[in-house]
1. Filter the trypsin sites (Lys or Arg not before Pro) in region 94-124 down to the DSSP loop ones having no more than 15 other Cβ atoms within 10 Å, then list what survives.
2. Mind putting together the pair-distance distribution for region 2-223? All Cα pairs, 10 Å bins, whole percent per bin, short to long.
3. Taking a 27 Å limit on the Cα-Cα distance, which of the listed pairs LYS208/LYS296; LYS28/LYS209; LYS257/LYS296; LYS209/LYS296; LYS28/LYS90; LYS90/LYS251 fall beyond it?
4. May I ask which residue of PHE12, TYR67, LEU179 lies farthest towards the positive end of the charge dipole of region 2-223, with charges of +1 (Lys, Arg) and -1 (Asp, Glu) on Cβ and the Cα centre as origin?
5. Just going by the charge dipole of region 228-305, with Lys and Arg at +1 and Asp and Glu at -1 on Cβ, which of ILE301, LEU274, LEU237 is farthest out on the positive end?
6. Would you list which aspartates and glutamates come within 18 Å of LYS175, measuring only between C-alpha atoms, while excluding same-chain residues fewer than 8 positions from it?
7. Mind pulling the angle between the C-alpha long axis of helix 105-115 and the longest principal axis of the chain? Nearest 10 degrees, somewhere in 0 to 90.
8. Test of understanding: express the Cα radius of gyration of region 67-123 as a ratio to 2.2 N^0.38 Å, with N the residue count.
Amino acid sequence: MSELRISEGTSFFSVVIPVYNSLYYLKKSIPSVLDSEADSPELVVVDNGSTDGTDRWVRETYPSIIYHRFGNNRGFSRAVNEGIKLASGKYILVMNADVLLEKNFFSFFRQKIAEAPQVGMWQPLVLYPEGNLIYSRGLYISHARRFYNLGEGEICGEESEREIFGPAGCCALYKRELLEEVKIGEEYFDEDFFFLLEDFDLAWRARKKGWKAVYYPGVRAYHWGRVTFSSFFRQYLSFRNRYLLLVKNEKLARFLKDLPAWLPYELFRGAFFLFYNPYSVKACREVIQLLPRMRKKREWIEKYQ
């Protein structure tokens, strides 16, 4: 574990970028952050033990940014949590290494923050790099308890500001006050999730506290998406974390109301996963093992809401 930190004072914006063997994209994303405007935000890079030269490149190219390196891959949630602890900003942008920001990104959100101080989570319009295909307008949960990026795969057209469930973790802006209010112990993002659906979990906890999330299409980010881990591994984490998320946050009465929508989808999805995914046994075993931890976290959430 190593850390390079040359930063003083409190920033308005801090950007936290977790990275794992994504140097190709990091070489594009860091300049998009630092070149965004005259008063560039504080930048925190947390390296999950990359072996592609990230460590040397960051230290030689950007010696003034905050850089923290783990010896092995601790997961997205752990890396982001470490980055938030190291950051000094009043507003924290969590951003994947394969994301590019428009130059007016931070000046745009300065204005929006001033206009709506009651909002605690913000979502830009996130597009695929081609420029007109939507990656995310924010997070959405269906009656069948499917977890979506709003608008993914749609052609970008007329866009309007709206309240959403929460921002997508690939490019999500949070008020630090919110993060401190909803964290459980020292965790802002749930480290048991490792990766995937941790953004839904944080947004769910924040909404229970009365915080709002808003989608603002007036500024854009560009995201390659799905550049780490195999499809089988992502499917395993998605399957596992979905149950952890529901055990931790779902209200029984609401779940029973939507049972007719949930059950057919669940039977089909579960059968497909158990038959085709090589991680299926591992996923089921870990759900059972982690259930007591999720119940304890649920008790904590309900106690302090």
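1. Details: sites: LYS103, ARG110, LYS112; in loops: LYS103.
Here the sparse-neighbourhood loop sites are LYS103.
2. In whole percents, the pair-distance histogram is 8, 36, 39, 15, 1.
3. Working: LYS208/LYS296 17 Å; LYS28/LYS209 36 Å; LYS257/LYS296 25 Å; LYS209/LYS296 18 Å; LYS28/LYS90 25 Å; LYS90/LYS251 32 Å.
Result: LYS28/LYS209; LYS90/LYS251 exceed 27 Å.
4. The one lying farthest along the dipole's positive direction is LEU179.
5. ILE301
6. GLU42, GLU82, GLU115, GLU163, GLU186, GLU187, ASP190, GLU198, ASP199, ASP201
7. Compared with the principal axis, the helix lies near 70 degrees.
8. On the way: Rg = 13.8 Å, N = 57, 2.2 N^0.38 = 10.2 Å.
The reported ratio for this selection is 1.35.
Only the coordinates and a few stated rules stand behind these numbers; no lab work does. Everything numeric here is computed off the predicted structure, so don't read it as measured data. Heads up, the Cβs are rebuilt from the backbone with ideal geometry, glycines too, and the neighbour counts pull from every protein chain shown.
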